[in-house]
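Read through the structure below, which is laid out as structure tokens, and then see the notes.
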Amino acid sequence: VDEATIRDALVTAGRRLGARGLIAGGEGNLSVRLPGGRLLVSPTGLRKDELVADDVLVVPLERPAGGDAASERGLRPSSDIAIHRAVMQARPDVGAVVHAHLPASMALTLAGEAPDPAALPETALLLPDLPIVPFGEMGSPELAARIAATFASGPRRANAVLLERHGAVAVGAAEPGLEAALTQAVDRLELVDVLCRVWRDALLLRAARAALGPSG
Ligand SMILES: [Zn+2]
């Protein structure tokens, strides 16, 4: 594994999230599994679409007893690091984890709507299972544990989950490679966003038609 290449891939993936309008301010976080029980992870407090390779941090897969120390430059790992650790530990097949506060997914879950991946041919094929994790305190180990359990359960293990009022998490397969894992995780997050936007628009169009009545 060429760590420099994976760092560059993480920077590129952050720019993709920004270009798609999936992150605001310092939101969103990305991680890649490294050999030797380590993770590459985006730092907290910086825009993920403006990262440089040196901003990316290396942390142990297991949370250190005293918490994560700041890097030499004073950077700390993502506030959602517990999610990344828990999902990587629950799913050894996963090589990358990406999380963002997708606005359309937050609107739907705020309204109590659950988009069905079977509604669109692409999500039916690529993301047949899209469970919703009930709300939990951001950054808490409790929420991280429930997200990881959701990823690890079910007959076909999910590759993306919605978080009630908190966006979505998607994963990429560690094989054939870690760069591909990151690309796959971002692709899946984008696909979740497409489904959520289509679902929202369809709901609004149906509601508008119903409000107009038969003569509308
Ligand atoms: Zn979050």
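None of the figures in this text is laboratory data; all of them are computed from the coordinates on show. Since the model is a prediction, treat every value here as computed from it, not as a measurement. Every residue, glycine among them, receives a Cβ derived from its backbone with ideal geometry; neighbour counts consider all protein chains shown.
Between Asp129 and Ala53, the simple label model (points 7 Å from Cα in the Cβ direction) yields a spacing of 3.7 nm. For the range 67-149, just say rounded, prolate or oblate: build the C-alpha gyration tensor, square-root its eigenvalues into a ≥ b ≥ c, call rounded for a/c under 1.5, and beyond that prolate if a/b exceeds b/c, oblate if not. Prolate. With 25 Å as the cut-off, how large is the P(r) tail for the chain, expressed as percent of Cα-Cα pairs? Of all Cα-Cα distances in the chain, 36 percent exceed 25 Å. Largest first, the three principal axis extents of the alpha carbons in the range 91-138 are 31, 29, 16 Å in whole numbers. Dipole magnitude for the range 33-135: computed about the Cα centre from +1 point charges on Lys and Arg Cβ and -1 point charges on Asp and Glu Cβ, it is near 360 debye. Once the Cα atoms are used to define both axes, helix 81-90 deviates from the longest principal axis of the chain by about 90 degrees.
When shorter helices are ignored and each DSSP H run of at least 4 residues is given -39500 (n - 2.57), the per-residue value for the chain at 222 nm works out to -13500 deg cm²/dmol. Based on the Stokes-Einstein relation at 20 °C and a viscosity of 1.002 mPa s, and on the Kirkwood radius from alpha carbon pairs, the range 1-87 is assigned a translational diffusion coefficient of 165 µm²/s.
Distance from the Cα centroid of the range 151-212 to that of the range 1-62 is 20 Å (rounded to whole angstrom).
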